[in-house]
1. Could you work out which residue, out of R41, R71, R14, moves most in a Gaussian network model of the chain, that is, has the largest mean-square fluctuation with Cα springs under 10 Å?
2. Positive end of the dipole of the chain, charges at C-beta (+1 Lys, Arg; -1 Asp, Glu), about the Cα centre: which of I58, S112, V76 has its Cα farthest in that direction?
3. Mind listing the phi-derived Karplus ³J(HN,Hα) values for segment 86-102, rounded to whole Hz, using 6.51, -1.76 and 1.60 with θ = phi - 60°, and x for any glycine or proline?
4. Top mean-square fluctuation among L93, L119, L52, Gaussian network model of the chain, C-alpha springs under 10 Å?
5. Where does the chain land on Rg/Rh, using Cα atoms and the Kirkwood Rh?
6. Projected onto the charge dipole of the chain (+1 at Lys/Arg Cβ, -1 at Asp/Glu Cβ, origin at the Cα centre), which of M135, T31, L100 gives the Cα projection farthest towards the positive end?
7. Can you compute the charge dipole magnitude of the chain about its Cα centre, using +1 on each Lys and Arg Cβ and -1 on each Asp and Glu Cβ, nothing else charged? Give it in debye, rounded to the nearest 20.
8. Using a cut-off of 26 Å between alpha-carbon atoms, which lysines can reach K21, once sequence neighbours fewer than 8 places away in the same chain are excluded?
Amino acid sequence: MAINKSRLKSVLIRHEGLKLKPYKDTVGKLTIGVGRNLEDRGISKEEALFMLENDIKIVEEELDRTIPWWRKLDSVRQEVLVNMAFNLGVPKLLRFKKFLKALQEGNYGQASFEMLNSLWAKQVGRRAKELAYAMEKGEYPFEVAEEEDKLLEYLNEIVWDEVNNGW
């Protein structure tokens, strides 16, 4: 006889609870969801990419509500805006008044300057430089792997290089 997964999920939620923010379980392990032990199990690549898709969708919806003109930008500049909003949160991005004004006016050089002339740029370093370049030029200053497996492989190499050679 097969397991009734729907019933099992209901019982697990009853016993484990459903927490949408991380918490410490009864033995002090960082946990989320329905008893997912993040310290020992973590998440899978598929789960991480699923969450990324959801987070991008949320940011796009927030941008649609707050600065609807952003959809008129070319795709690279839209991506830069989403990237910044993803990092900062839309409320903090909206504080970049000079940047947003320049961007809306199509003055990409000034928008790029305003990006770099911020505390955010000092905090995120290379990310700001790469995004400012993309904002000004309409293209990225590096080759972008668009297939997820190649992208993850590339990113893992970059992270390991930075960990091993210092930031």
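1. Comparing R41, R71, R14 in the GNM, the peak value goes to R14.
2. Farthest along the dipole direction, towards plus: I58.
3. 4, 6, 8, x, 4, x, 6, 4, 5, 6, 7, 4, 5, 4, 5, 4, 4
4. L119
5. Rounded to two decimals, Rg over Rh is 1.07.
6. After comparing all options, I get T31.
7. Using Cβ point charges on Lys, Arg, Asp and Glu, the chain gives about 1080 debye.
8. Partners found: K5, K9, K29, K45, K57, K92.
Only the coordinates and a few stated rules stand behind these numbers; no lab work does. Since we're looking at a predicted model, the values are computed, not measured. Methodologically, a virtual Cβ is constructed for each residue, glycine included, from the backbone with ideal geometry; neighbour enumeration extends over all protein chains shown.
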